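The values are calculated or read from the model by the stated rules, or taken from the named source; none is laboratory data. No experiment lies behind these values; they were computed from the predicted model shown. Neighbour counts run over all protein chains shown; Cβ positions are idealised from the backbone, glycine included.
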Amino acid sequence: MLPDPLVGVSHAKRVILVAGKLFYDLVKEREVRGLGEQVAIVRIEELCPFPFEELRQVLRGVTGDVRWVQEEPCNQGAWTHVYPRVTHVLKKSLEYHGRDADAVPAPGVGKLYRKQQEMVVKGAFDGL
């Protein structure tokens, strides 16, 4: 569990939970949009065993909305694993943001992949 070193979750309008290298794209987008004070990005790097207590401590005092962001389609990746566990800790809803369900983890065409990746990264900040 790697909490955001710049933004406390209790002051953030949105908390983004993420695993893996997508974190770096989200940090860049947060900087481009000037949302450094409004969005906390928390990395969950160990999914099994799930870090219930660490997540509980990191998310203590969260007042904004919480999103899980992943680059894989929603029927793949970690979403189905983290959803029930994070909502158990949060005691409130968890939003998903990523690619729609698909039979393959990536489209296989570079141009389409980049377009979808941009949609995932930019969409994580929609509404702010």
Quiz item: Which numbered condition trips up GLN76, out of (1) out of contact with any strand residue (DSSP E or B) (no Cβ under 7 Å at 6 or more places or on another chain); (2) over 15 Å from MET1 (Cα atoms); (3) at pLDDT 95 or above?
Solution: (3)
Exercise. Looking at (1) part of a loop (DSSP other than H, G, I, E, B); (2) in contact with a helix residue (DSSP H, G or I) (Cβ under 8 Å, 6 or more places away or on another chain), find the lone condition where LEU17 falls short.
Key: (1)
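Select, from VAL58, VAL62, VAL121, the only residue that is surrounded by 12 or more Cβ atoms within 10 Å (Cβ to Cβ) and within 16 Å of LYS21 (Cβ to Cβ).
VAL121 is the lone residue from the list that is surrounded by 12 or more Cβ atoms within 10 Å (Cβ to Cβ) and within 16 Å of LYS21 (Cβ to Cβ).
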Quiz item: Just one of the numbered conditions (1) in contact with a helix residue (DSSP H, G or I) (Cβ under 6 Å, 6 or more places away or on another chain); (2) within 14 Å of VAL121 (Cα to Cα) is not true of TYR24; which one?
Solution: (1)
Practice problem: Just need a number here: residues in region 3-26 that are over 11 Å from the mean Cα position of the chain (by Cα), hydrophobic (A, V, I, L, M, F, W, C) and modelled with pLDDT of 95 or more. | Solution: 1
Quiz item: For ARG114, which of the numbered conditions (1) over 14 Å from the mean Cα position of the chain (by Cα); (2) under 20 Å from LEU128 (Cα atoms) fails to hold?
Solution: (2)
